[in-house]
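Participant: Sharing a structure here in structure tokens format.
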Amino acid sequence: ASGRPSPAVRLANAQFLRRELASRRAHVLSLLRTMPPPLASQPAVARLCVLNWQRLKGLLTLPELSTADDEKAFAAAMLDHSAAIDGESRRWPHLSPEEEALCVDALGTLQREPHLAVDKQLDAIFLARIGLRVLHEHYIRAVQPPRQGYAGAIQLECSPVAV
């Protein structure tokens, strides 16, 4: 055995990832769009909304994945997307000092309860972004040639207790 999943498994993995990415992107977008007004009006939040909407729309407009060729095209698109994300992470969504000061000032206008709600919302956004990245990276690693000691992005001998 080559250690690579069969075409049927790869197709099922791609179908799962497409559904999951769309669901999680929609969730992040809803969290961003329901920020309290002092934060929702910030340009940085608006940019994140646009970016998440573009990525969600891109996922939703992909054709259904029903063949091995569809899965190969999806894998190629995910590889391209991965390269784009890597490029963005070097420049996005870093805030200018002025934008950062505006966001801090906006947070400062909130009372304790709304501030806690924003903290909870931001935690959910960060966790969702981490989850998106892990799912995406695992899929990318799984469609590439297998690496010794790994299943996708997961190190087989990894001990969560030791981490």
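Participant: Using a 1.4 Å probe, what is the accessible area per residue for region 12-65, in Å²?
Facilitator: 54 Å²
Participant: For region 46-61, what does the Karplus curve 6.51 cos²θ - 1.76 cosθ + 1.60, with θ = phi - 60°, yield as ³J(HN,Hα) per residue in whole Hz, taken in order and with x for Gly and Pro?
Facilitator: So the Karplus estimates, Gly and Pro as x, are 4, 5, 5, 4, 4, 4, 5, 5, 4, 5, 5, 4, x, 5, 6, 8 Hz.
Participant: Please list, ordered by chain and number, the residues whose modelled amide H lies under 5 Å from the amide H of Tyr150; skip anything fewer than 5 residues away on the same chain.
Facilitator: Under 5 Å from the amide H of Tyr150 lie the amide H atoms of Leu156, each far enough along the sequence or on another chain.
Participant: Dipole size in debye (nearest 20) for region 1-53 around its Cα centre, Lys and Arg Cβ +1, Asp and Glu Cβ -1?
Facilitator: 160 debye
Participant: Here is a further query. Once the other residues with Cβ under 11 Å from the Cβ of Leu56 are scored (Lys, Arg +1; Asp, Glu -1), what is the net sum?
Facilitator: With Lys, Arg at +1 and Asp, Glu at -1, the net is +4.
The values are calculated or read from the model by the stated rules, or taken from the named source; none is laboratory data. Keep in mind it's a predicted model, so treat the numbers as computed, not measured. As a convention, Cβ positions derive from the backbone with ideal geometry for all residues, glycine included, and neighbour counts pool all protein chains shown. To get the accessible areas, we keep the full protein, side chains included, count just its heavy atoms, and leave off ligands, DNA and RNA. Shrake-Rupley method; radii C 1.70, N 1.55, O 1.52, S 1.80 Å.
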